[in-house]
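What follows is one structure encoded as structure tokens, with my remarks underneath.
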Amino acid sequence: MAGRKLLTSPNGGFPRVADLPADTGWLPLGTLDGVPAWGAAVTATGDVPGRWRSWRALAAQVPEPLAALAGRALQVVTWRRGHRYCGACRAELADVPGEPARRCPDCRLYVPMQLSPAVLVAVTRPGPVDELLLVRHSYGPTELWALVAGFVEAGESLEAAVHREVAEEVGLDLGPPVYFGSQPWAMSGPGVLLAGFTATVTDPAAEPVVDGRELVQARWFPLDALPEALPPAYSISRWLIDAAATRATG
Ligand SMILES: [Zn+2]
């Protein structure tokens, strides 16, 4: 990796460890098909053969296990870059061999890579054709119609975070959230893990109200007439939207 770009080899896969300089600082990423995988930050980008690509471009083209591995590389290497010194005594941290973790050589503080859970929710309301709530954000890919999402706060359950985010962002009350699935999401920072839910509003007549800061628009769409500008096919946002559309129209 260099910055947030990932190196792919000339044949389109990932480079082999031997392709990079011998002094590269490798971080363990687990295994892919039983083969150990490693990630590293590279500064002299001219010295290595291959092509530098964004995770989004890569994820749109490669099979899901490769996209997930590339996302993990992005998360681990970005985290490593931001955890250089001990937060307790300011000494420079050392890598713990074989783990995505650092340890202070002076005060022994152990610094594991911590995860940041976030939730997203496909909110529907019943009708002749069920309708899905989609929102537009004031930051990020602003042209996309997306789902309500947000970080889980300390001491909060995933379900409570779903209720709070929907109440804060669009002012709607929900029935019980139902778990759908999860996806690590390196685009929102190191360690971000998205947990997807579905839920139905308690009052089908209620309209969403946006705060105008985080969100600029929110509206109901019939599930057989969704907008074109939806999140990409490799994202859990899209998996949730597609599942809702299939349920309503399939
Ligand atoms: Zn220390």
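Worth pointing out:
- Amide H partners (placed H, <5 Å) of Val216, local residues excluded: Arg136, His137, Ser138
- Sites matching trypsin sites (Lys or Arg not before Pro) across the stretch 148-250 that sit in DSSP coil, with at most 16 neighbouring C-beta atoms within 10 Å: Arg213
- Taking only protein heavy atoms and a 1.4 Å probe, the accessible area of the stretch 1-109 is 53% carbon and sulfur.
- Here the Karplus relation 6.51 cos²θ - 1.76 cosθ + 1.60, evaluated at θ = phi - 60°, turns the backbone of the stretch 230-244 into coupling constants of 10, x, x, 4, 8, 10, 5, 4, 5, 4, 5, 5, 5, 5, 5 Hz, with x for every Gly and Pro.
- Distance from the stretch 165-210 to the stretch 23-65 (C-alpha centre basis), Å: 32 Å
- Table column - 3J(HN,Hα) (Hz), the stretch 15-21, Karplus curve with 6.51, -1.76, 1.60, x for Gly and Pro: x, 8, 3, 5, 6, 9, x
- Compared with the alpha-carbon gap, the fully stretched path from Arg56 to Ala160 is longer by 34.4 nm at 0.36 nm per residue.
- Helix-derived mean residue ellipticity, 222 nm - over the chain, DSSP H n ≥ 4, -39500 (n - 2.57), to 500: -6500 deg cm²/dmol
- Rounded to the nearest Hz, the phi-derived 3J(HN,Hα) couplings of the stretch 139-146 under the Karplus curve 6.51 cos²θ - 1.76 cosθ + 1.60 (θ = phi - 60°) are 9, x, x, 6, 7, 7, 8, 10, where x marks glycine and proline.
- Rolling a 1.4 Å probe over the protein heavy atoms leaves Glu143 with an accessible area of roughly 100 Å².
- Antiparallel DSSP beta bridges within the chain, as percent of all bridges there, nearest 5: 80 percent
- Considering only Ala195, Pro176, Trp239, the residue lying farthest towards the positive end of the dipole of the stretch 133-250 is Trp239, judged by Cα position with unit charges set on Cβ.
- In the context of the full protein assembly, Thr31 retains an accessible surface of approximately 90 Å², using a probe radius of 1.4 Å and ignoring ligands and nucleic acids.
The values are calculated or read from the model by the stated rules, or taken from the named source; none is laboratory data. Keep in mind that this is a model prediction, so the values were computed, not measured. Cβ coordinates were reconstructed from backbone atoms using ideal geometry, including for glycine residues, and neighbour counts include every protein chain displayed. All accessible areas refer to the heavy atoms of the entire protein, side chains included, with ligands and DNA or RNA removed. Shrake-Rupley method; radii C 1.70, N 1.55, O 1.52, S 1.80 Å.
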